[in-house]
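Read through the structure below, which is laid out as structure tokens, and then see the notes.
The values are calculated or read from the model by the stated rules, or taken from the named source; none is laboratory data. No experiment lies behind these values; they were computed from the predicted model shown. When we count neighbours, we look across all protein chains shown, and the Cβ atoms used for this are built from the backbone with ideal geometry, even at glycine. Just the protein is used for accessible areas: all its heavy atoms, side chains included, with ligands, DNA and RNA removed. Shrake-Rupley method; radii C 1.70, N 1.55, O 1.52, S 1.80 Å.
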Amino acid sequence: MNETGPIFGAMLREFDRAARILKLDPGIWRILTYPKRQIVVSCPVLMDNGEIEVFRGYRVQYNITLGPAKGGIRYHPDVSLDEVTALAAWMTWKCAVAHVPFGGGKGGIVCDPTRMSAREIEALTRRYVAEIIDAIGPEKDVPAPDVNTNDQVMAWVMDTYSMHVGHTETAVVTGKPIEMGGSLGRREATGRGVMIVTREAAKHLGVNIKGATVAVQGFGNVGSVSAELLAAIGAKIVAVTDWKGGVINQAGLDVAKLLEYAATHKTVEGFPGGEPLDNEGLWGLDVDVLIPAALENQITMENAPKIRAKIIVEGANGPTTPDANNHLHDRGVFVVPDILANSGGVTASYFEWVQDRYGYFWTEREVNERLEAKMREAFRAVSATASKFAVDMRTAAYIVAIHRVATVTKIRGMCRGRSSWVMRSARS
Ligand code: GLU
């Protein structure tokens, strides 16, 4: 049986609903609800105080039907096998919705990087990579940044792997520094994708994005870039909260100044260009767009009834619980689900992987244009599916993803012959 818990359970509830509507073959259904591979490792690290600490690490390859496993590595005290398995499943559906040739994976280490030195983080990263080294590679499993990891951490992953195989292998990881095989536009890509789908959602609902009010939870890589790019197309960012506190200004926050402030203070709390706001206050704001861009399980039945936004765009992975999602849908809130909304990151990771393997690098403009086209196409496919089946956008995104993975599973041979179902869907 799967090692599961509440987060994976939430993923399964979303999956099951879509699989039922799709009338998914029961055998394929079974396959797609199990992680293919779950790796658990212990990473001893010599800390700066001379003590040895042992950190628990995970890498889960949920499904590799469409290509190498793909997904980030996060460093956080709350990391668990349940969480990493759910995130790896979400990566599977996300890559399928984005229509990139990857399966889904995720990694995590239980640690608090805010209390560790750069040397300790480097030692931990290298040890973790050494422990999972046989499972990763450009054709096998390609990690990327996630919560509390960045391009420097990816450089250490790439270097440790390259030393092991005896040559420089840039395509083993994405989200690298530009100087060593990273792609222009990758760092901003998740936030850029959030901006694009927000604009598409507004268009879909007849809301003018110019002057539309936006509240953002989280001001890390995803939240901050989303806010910056939405402000650049004329939206008004009225509120931002983060791990420590928040700030509100009904006239619109100066996002450039807020970015500068957050860079030095490591939080938006205390920003002089607005009034203080806490997370609880954020949910009830009368805004057009709400962007949860922090962690899972933020929008729950406790706060969902307070939400007044017309559109929710999930920059984070799994920010809305299934019950809260149903409640919001019943109330007519348009939720752009994580596996569509934040797929810009992995789409640009795909571009980076392609450029590394090709050895030829694109301009930032080329990356952004291709990202724009992929995101618009993904939004179109999901909203067309939502209309066709009369379902919410999350269920529709799952239907698109499951259909694509299931079709390839069947064609590759996991069935008693090529069923008429495959032949029909291959033509449609
Ligand atoms: N960590 C990001 C995500 O959750 C990016 C994954 C990747 O680029 O592989 O989508």
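Between VAL335 and ILE312, MET393, the built amide H atoms are under 5 Å apart, and every one of these is 5 or more places off in sequence or on another chain. Normalised by 2.2 N^0.38 Å, with N the number of residues, the alpha-carbon radius of gyration of the stretch 36-136 equals 1.13. Every helix of 4 or more DSSP H residues in the chain counts as -39500 (n - 2.57), and over all residues that averages to -15000 deg cm²/dmol at 222 nm. Taking every alpha-carbon pair within the stretch 1-85, the share separated by more than 22 Å comes to 39 percent. Its residues counted as N, the stretch 186-330 yields a C-alpha radius of gyration over 2.2 N^0.38 Å of 0.95. Running Debye on the chain with equal point scatterers at the Cα sites and no solvent, what base-10 log of I(q)/I(0) appears at q = 0.10 Å⁻¹? Taking Cα atoms of the chain as identical point scatterers yields -0.66.
With only Cα atoms counted, the stretch 130-253 has Rg and Dmax values of 18.5, 56 Å.
Each Lys or Arg adds one and each Asp or Glu takes one away; over the other residues whose Cβ falls under 13 Å from the Cβ of VAL346, this sums to +3.
Counting only protein heavy atoms and using a 1.4 Å probe, the accessible area of ARG17 comes to about 70 Å². With unit charges on the beta carbon (Lys/Arg positive, Asp/Glu negative), name the residue among ALA123, HIS76, PRO26 whose Cα is farthest towards the positive pole of the charge dipole of the stretch 1-127. About the Cα centre, the residue reaching furthest to the positive side is PRO26. Solvent-accessible surface (1.4 Å probe) assigned to LYS176 amounts to roughly 10 Å². Within the shell of other residues whose beta carbon sits under 13 angstrom from the beta carbon of ARG357, the net charge comes to -4, with Lys and Arg scored +1 and Asp and Glu -1. Across the chain, C-alpha contacts under 8 Å between residues 6 or more apart give a mean separation that, scaled by the residue count, equals a relative contact order of 16 percent. For the stretch 46-56, backbone phi angles converted through the Karplus equation (6.51, -1.76, 1.60; θ = phi - 60°) give residue-by-residue couplings of 7, 7, 4, 7, x, 7, 9, 10, 10, 9, 8 Hz, Gly and Pro being listed as x. The order of MET91, MET163 by accessible area, most exposed first and with a 1.4 Å probe, is MET163, MET91. Note on exposure: LYS306, LYS257, LYS23 ranked by accessible area (1.4 Å probe, complete protein assembly) read LYS23, LYS257, LYS306, with the most exposed listed first.
In this structure TRP29 has an accessible area near 60 Å², from a 1.4 Å probe over the protein heavy atoms. Taking amide H as placed 1.01 Å from N in the peptide plane, LEU285 has its amide H under 5 Å from the amide H of ARG308, each at least 5 places away in sequence or on another chain.
When ARG74, ARG376 are compared by accessible surface with a 1.4 Å probe, the order from highest to lowest is ARG376, ARG74. Each residue of the stretch 315-330 was assigned a 3J(HN,Hα) from its phi angle through the Karplus expression (A = 6.51, B = -1.76, C = 1.60, θ = phi - 60°), giving x, 7, 8, x, x, 10, 6, x, 5, 5, 4, 4, 4, 5, 4, 4 Hz with x at Gly and Pro. In this label model, ASN150 and ARG331 are separated by 3.6 nm, measuring between points 7 Å along each Cα→Cβ vector.
The string of couplings for the stretch 143-158 from the Karplus curve (6.51, -1.76, 1.60, θ = phi - 60°) is x, 7, x, 8, 4, 6, 10, 9, 5, 5, 4, 5, 4, 5, 4, 4 Hz, one whole number per residue in order, with x for Gly and Pro.
In this structure the amide hydrogen of SER343, modeled in the peptide plane, comes within under 5 Å of no amide hydrogen from residues 5 or more places off or on another chain. Per residue, the accessible area of the stretch 353-397 comes to 54 Å² when a 1.4 Å probe rolls over the protein heavy atoms.
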